[in-house]
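Enquirer: I have a structure here, written as structure tokens, and I will follow up with some questions on it.
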């Protein structure tokens, strides 16, 4: 079983996910009107967020580690599964740069709100994390998922929307701790 104590570090030799084409249909699609519970209280509607923001960066990840819980069996062997804490922390640490580039940031996973809230408090996340345990966004946009440990979770994907429509898709995302820097570099190049 995986080490439950060091979620911030990526173990060596993680398998690299390959592009399976599961995100090819996303560019040009509108973010759906979907209200999801937020770590900052209440619900946030993705379509409204995308309409209000000049640019919305929505990064979607499988699940963050929960202190005291063992990771699902074989988690580190699933390409793209490991690295949610490093990815979240990288977006936290790049938030100022992304804001300067005109982007609002939101994270989303299929974890329950109480897990998301605990993580947001523990890691001092300055932007909302949304809980989508019913995989509603996956159904609306046909987002890729995988099964592990009796759970269905999202494959790691980052959507950049402008004017409510998805303009850029980062998929597969690897390594996850570099995703925020890759998004910032792309935004800087197209701004």
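Enquirer: When the residues of region 123-134 are filtered to those that are over 21 Å from residue 145 (Cβ atoms) and more than 12 Å from the chain's Cα centre (by Cα), which remaining residue is surrounded by the most Cβ atoms within 10 Å (Cβ to Cβ)? It would help to see each step written out before you state the result.
Expert: Quick first cut of region 123-134, residues over 21 Å from residue 145 (Cβ atoms) only: 123-128.
Checking the rest, the ones that are also more than 12 Å from the chain's Cα centre (by Cα) come to 123-127.
Working: 123: 16, 124: 8, 125: 21, 126: 13, 127: 18.
Only one residue fits best here, namely 125.
Enquirer: Can you name the residue in region 65-107 that is at positive phi and under 13 Å from the mean Cα position of the chain (by Cα) and, of all such residues, is surrounded by the most Cβ atoms within 10 Å (Cβ to Cβ)?
Expert: Result: 83.
Enquirer: Now a separate question. If you scan region 173-191, which residues turn out to be out of contact with any helix residue (DSSP H, G or I) (no Cβ under 9 Å at 6 or more places or on another chain) and either surrounded by 17 or more Cβ atoms within 10 Å (Cβ to Cβ) or in a helix (DSSP H, G or I) (or both)?
Expert: Within region 173-191, 174, 182, 185, 186, 189, 190 meet the criteria.
Enquirer: Among (1) closer than 14 Å to residue 63 by Cβ; (2) assigned to a loop (DSSP other than H, G, I, E, B), where does residue 125 come up short?
Expert: (1)
Enquirer: In region 144-172, which residues are surrounded by 22 or more Cβ atoms within 10 Å (Cβ to Cβ) and not in a strand (DSSP E or B)?
Expert: 155, 156, 171
Enquirer: On to the next question. State yes or no: is residue 120 farther than 15 Å from residue 179 by Cβ, under 14 Å from the mean Cα position of the chain (by Cα), part of a helix (DSSP H, G or I) and free of Cβ contacts under 8 Å to residues at least 60 places away in the same chain?
Expert: On the way: farther than 15 Å from residue 179 by Cβ: yes; under 14 Å from the mean Cα position of the chain (by Cα): yes; part of a helix (DSSP H, G or I): yes; free of Cβ contacts under 8 Å to residues at least 60 places away in the same chain: no.
Against the criterion (farther than 15 Å from residue 179 by Cβ, under 14 Å from the mean Cα position of the chain (by Cα), part of a helix (DSSP H, G or I) and free of Cβ contacts under 8 Å to residues at least 60 places away in the same chain), residue 120 does not qualify.
Rundown of residues vs (1) without any contact (Cβ under 8 Å) to a residue 60 or more places away in the chain; (2) closer than 18 Å to residue 121 by Cα; (3) touching a strand residue (DSSP E or B) at 6+ places or on another chain (Cβ under 8 Å), yes/no style:
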position	(1), (2), (3)
19	no, no, no
25	no, no, no
37	no, yes, yes
54	no, no, yes
81	no, no, yes
95	yes, yes, yes
107	yes, yes, yes
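Enquirer: Right, next: Kindly indicate whether residue 110 is surrounded by 15 or more Cβ atoms within 10 Å (Cβ to Cβ), closer than 19 Å to residue 186 by Cβ and modelled with pLDDT of 95 or more.
Expert: Values: surrounded by 15 or more Cβ atoms within 10 Å (Cβ to Cβ): yes; closer than 19 Å to residue 186 by Cβ: no; modelled with pLDDT of 95 or more: yes.
No: the conditions fail for residue 110.
The values are calculated or read from the model by the stated rules, or taken from the named source; none is laboratory data. Remember, predicted model here, so these are calculated numbers, not experimental data. A quick note on method: Cβ atoms are made from the backbone with ideal geometry, for glycine too, and the neighbour counts reach across all protein chains shown.
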